[in-house]
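The next block holds one structure in the form of structure tokens; read it before the comments.
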Amino acid sequence: MHGIRDPALGLEGTGEDEIDRQHGEVMRRFDELFSVSHSAASRPIKRKCVQDLLDAVIYHFCFEEGLMVDLGFPYHGQHSQQHNAMVEQLIMLIDEFDRGFVEIGPRTVSSLRDGFKVHIDIYDREFIQFQARADQLVGAGGRPTGTGAGWGACASWDSV
Ligand SMILES: [Fe+2]
Ligand SMILES: [Fe+2]
């Protein structure tokens, strides 16, 4: 836990290394998708990039919500609603792209990426602060993370 600045995120790290690593991975996927979104990349390449992004987002949200359940984070429900909304936006984008209704353009990708950044900066930070307080209360015994018990807690998103 050291809160280093992550250049990939363009903002302060949350202070939780694994969460920061996953945020970096999601942002890398956003950047990849942004690059292909304003290039002449083929539809299959765009489709693969957006799928990789969705997979990274779902993996991260499940991890984060698992920690919330393990720690009894009181705002898990509200936080989870934000996660659900972001996943639904991506699934809808993929669905409309598959049906030929929309292109995956840079403005759309940029807007989704901005929403993810704001979520990290406000809501994830709130959770990390709660986690840090839980660490202080539990003391040297450590908090009950890593049990895996919380993994079943996230919404059962079906990847597309
Ligand atoms: Fe989150
Ligand atoms: Fe997060």
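When peptides 116-123, 16-23, 64-71 are ranked by their average number of other Cβ atoms within 10 Å per residue, the highest-first order is 64-71, 16-23, 116-123.
Remark: region 124-138, residue by residue, has Karplus-estimated 3J(HN,Hα) of 5, 4, 4, 5, 4, 5, 4, 4, 5, 5, 4, 4, 5, 5, 6 Hz, where x stands for each Gly or Pro and the curve is 6.51 cos²θ - 1.76 cosθ + 1.60 at θ = phi - 60°. Between residue 42 and residue 138, residue separation times 0.36 nm minus the direct Cα-Cα distance comes to 29.3 nm.
Counted by Cβ distance under 11 Å from residue 76, the other residues give a net charge of -3, where Lys and Arg count +1 and Asp and Glu count -1. A dipole drawn for region 16-135 from +1 and -1 charges on Cβ atoms has a positive end, and of 22, 66, 104 the residue lying farthest that way is 104.
Based on the alpha carbons, how large is the Rg to Rh ratio for region 16-135 when Rh follows Kirkwood? All intermediate terms of the calculation are to be shown ahead of the outcome.
On the way: Rg = 15.3 Å, Rh = 15.1 Å.
Radius of gyration over Kirkwood radius for region 16-135 works out to 1.02.
Each residue of region 84-94 was assigned a 3J(HN,Hα) from its phi angle through the Karplus curve 6.51 cos²θ - 1.76 cosθ + 1.60 (θ = phi - 60°); the sequence is 4, 4, 5, 5, 4, 4, 5, 5, 5, 4, 5 Hz, with glycine and proline shown as x. Taking 0.36 nm per residue of separation and subtracting the current Cα-Cα distance, fully stretching the chain between residue 121 and residue 31 would add 30.6 nm. The packing ranking, built from the mean of other Cβ atoms within 10 Å per residue, places the peptides 127-136, 26-35 in the order 26-35, 127-136, highest first.
All of the numbers you see were taken from the coordinates with simple rules; none came from a lab. No experiment lies behind these values; they were computed from the predicted model shown. Methodologically, a virtual Cβ is constructed for each residue, glycine included, from the backbone with ideal geometry; neighbour enumeration extends over all protein chains shown.
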